[in-house]
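Quick note: the coordinates plus some simple rules give every number you see, no bench work behind them. If you're wondering where the values come from, they're calculated on a predicted model, not measured in any experiment. All Cβ positions, even for glycine, are placed from backbone atoms using ideal geometry, and neighbour counts span all protein chains on display.
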Amino acid sequence: MTTDTLKHLQSLCGAPVPPAYLQFLDAYPESLRQARRALDDSDSEGTVAEVELIADLPAVLEINLEVRADSVPEPDGLEFYWPEQFLVIGETGSGDYYCIDVEGDVDGVMQYDHQNVGFEVVADSMDEFVEMLVETFILGGSPDDEEETIE
């Protein structure tokens, strides 16, 4: 990881990037690096490491610059500006972002919903978020799937 990239991210967020997140990037799961997003197992839609949970710190910086470039109109007509302390770590591919709170006020991984212009915690920890991605992109299920009970 380059020092300049890390300094730039910290400047954008107004706080240090959490060491646990940086350690996670250093030990990024190989299974997610290889996991393809396309249903036909092609690389046409990229990999999880390129989209949902970005594995490359310069790409993390790039997406954080992007979300902070402009305001977004809220449903009530006000302007929404990306919260300084929310570090984007990935995206859904459909206009929503995954982020963490570098100040630690909000635990876990949040999803920014661009239509409702709001945030929701989708995983209580990075480990839980990784499990959700593994379930979705490697095991082929939905994290919300429940086993049917046969009576």
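Can you give the percent of C-alpha pairs in the chain whose distance is more than 18 Å?
On the way: 6720 of 11325 pairs.
For the chain, the share of Cα pairs beyond 18 Å comes to 59 percent.
Please work out whether segment 45-119 counts as rounded, prolate or oblate from its C-alpha gyration tensor, where a ≥ b ≥ c are the square roots of the eigenvalues and a/c under 1.5 means rounded, while otherwise a/b larger than b/c means prolate and anything else oblate?
On the way: a/c = 1.70, a/b = 1.40, b/c = 1.22.
Cα axes put segment 45-119 in the prolate bin.
How would you classify segment 87-145 from its alpha-carbon gyration tensor, with a ≥ b ≥ c the square roots of the eigenvalues: rounded for a/c under 1.5, else prolate if a/b is greater than b/c, otherwise oblate? List each step's numbers first, then the result.
Values: a/c = 2.08, a/b = 1.32, b/c = 1.57.
It is oblate, given that a/c is not under 1.5 and a/b is not larger than b/c.
If you keep only loop residues by DSSP, which chymotrypsin sites (Phe, Trp or Tyr not before Pro) in segment 45-103 have at most 16 other Cβ atoms within 10 Å of their Cβ?
Details: sites: Phe80, Tyr81, Phe86, Tyr97, Tyr98; in loops: Tyr81.
Taking segment 45-103 and a limit of 16 other Cβ atoms within 10 Å, the loop chymotrypsin sites (Phe, Trp or Tyr not before Pro) found are Tyr81.
Once phi is turned into ³J(HN,Hα) by the Karplus curve 6.51 cos²θ - 1.76 cosθ + 1.60 with θ = phi - 60°, what whole-Hz value does each residue of segment 7-15 show in order, with x for glycine and proline?
4, 5, 4, 5, 5, 4, 8, x, 6
Would you pull out the residues with amide H under 5 Å of Phe80's amide H, same chain only if 5 or more places away, H placed 1.01 Å from N?
HN-HN under 5 Å from Phe80: Val72, Glu74.
With the contact rule set at Cα under 8 Å and sequence spacing of 6 or more, what percent relative contact order holds for segment 3-138? Write out the running numbers ahead of the final one.
On the way: 195 pairs, mean separation 27.0, N = 136.
Reported relative contact order: 20 percent.
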